[in-house]
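Values in this text are rule-based calculations from the coordinates and carry no lab data. Everything numeric here is computed off the predicted structure, so don't read it as measured data. Every residue, glycine among them, receives a Cβ derived from its backbone with ideal geometry; neighbour counts consider all protein chains shown.
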Amino acid sequence: MTAGLDGRRVLIVEDESLVAMLLETILEDMGCQPVGPASTVEEGLAMAGDESALDAALLDVNVAGQQIFPVARLLRARGVPFVFSTGYGEGGLPDEWRGQATIQKPFTETAIRDALMKAMGVVLA
């Protein structure tokens, strides 16, 4: 478990089932409670718009051929921090999303932990 992340509810939107399962395992190992995974933008919108509290989200930029940005906009409007994951890195994002926390695939557990903690403003003691 990672101090500061224990019990945090983190939405996963990822269309590749093996990657989604890996993310669930990584989050559980850090003490987080995975929400999802959603495998389409529509499922992501439904889960992101649900009234249940979310502490953060991990969003694959390209989900089943669709861009994830409608989900990102909804999360931003709700004040939920999120991290993009993409094979192209931050350079592959449109200008509107430059500067947003981004991890590049293939990612490591450390990269996910650090990006989530930064996005949520969690400081290591």
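The modelled label-to-label distance between Thr40 and Thr108, using points 7 Å beyond Cα along the C-beta direction, is 3.7 nm. Label-to-label distance, Leu22 versus Ala3, with points set 7 angstrom from Cα along the beta-carbon direction: 2.9 nm.
Using only alpha-carbon positions in the stretch 14-98, the gyration tensor eigenvalues give semi-axes of 18, 16, 13 Å once each is multiplied by 5 and square-rooted (largest first). Note on the stretch 60-122: percent of Cα-Cα distances in each 10 Å bin, starting at 0 and stopping at the bin with the largest distance, equals 21, 57, 22, 0.
Here the convex hull built on the C-alpha positions of the stretch 1-54 has a volume of 53 cubic angstrom per residue.
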